[in-house]
Amino acid sequence: MRRYSGQVPLDAWFHRVARRLQGPSELLSCSFCGKHQKQVKKLIAGPGVYICDECVERVHGVLTSSAGTASTPFAAIAQVSDADVTLQCTFCGKRRQQVAAMASTGHAHICTECLDLCNEIISEELAGGSAQQTEI
Ligand SMILES: [Zn+2]
Ligand SMILES: [Zn+2]
């Protein structure tokens, strides 16, 4: 056992370890409303982006209503106009021109195809009673 001479900077060490431990156990949160994994029934993950069951419904409303917008405590969701042809769905990477409709918070975009997929996943998983995170 090695003994340190002088003062060991315990605080610094503790913070370093604590920060490292936080990494993997850090709660994932919805990119659309900011709610944490534990606050929602279901969180679906894309590449670096997440959407919860509530926002899937919200986005569905945005894409099907004539108003075309919804707001969360975190962001405003709006339909992406046809003019934004090169904007890509954050989940599948398809461009606006390749899909029928797309909604965006400004930093996260989801197309109608991914939304349908999320809807399917949610209805299946909720029927099964599981609340795990799912990758698409
Ligand atoms: Zn959400
Ligand atoms: Zn998509």
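A few notes on this one:
- From C92, C55, residue being surrounded by 15 or more Cβ atoms within 10 Å (Cβ to Cβ), touching a residue at least 24 places away in the same chain (Cβ under 8 Å) and out of contact with any Leu (no Cβ under 9 Å at 6 or more places or on another chain): C55
- Residue in region 64-82 that is of a type in the set (G, A, S) and crowded, with 21+ Cβ neighbours inside 10 Å present: yes
- Each residue in region 91-133 was checked for being closer than 22 Å to S65 by Cα, among the polar types (S, T, N, Q) and outside any strand (DSSP E or B), and 6 of them qualify.
- Cβ separations smaller than 7 Å between residues 6+ apart or across chains give the following pairs from region 95-114 residues that are under 13 Å from L63 (Cβ atoms) to residues that are of a type in the set (F, W, Y) and within 8 Å of ligand 2 (Cβ to nearest atom): I110/F91; C114/F91.
- Residue in region 87-99 that is modelled with pLDDT under 95, under 18 Å from the mean Cα position of the chain (by Cα) and within 16 Å of ligand 1 (Cβ to nearest atom) present: no
- Extreme residue, surrounded by the most Cβ atoms within 10 Å (Cβ to Cβ), among residues of region 95-107 that are touching a strand residue (DSSP E or B) at 6+ places or on another chain (Cβ under 7 Å) and within 23 Å of K35 (Cβ to Cβ): M102
The values are calculated or read from the model by the stated rules, or taken from the named source; none is laboratory data. Model, not experiment: these values are computed from the prediction. All Cβ positions, even for glycine, are placed from backbone atoms using ideal geometry, and neighbour counts span all protein chains on display.
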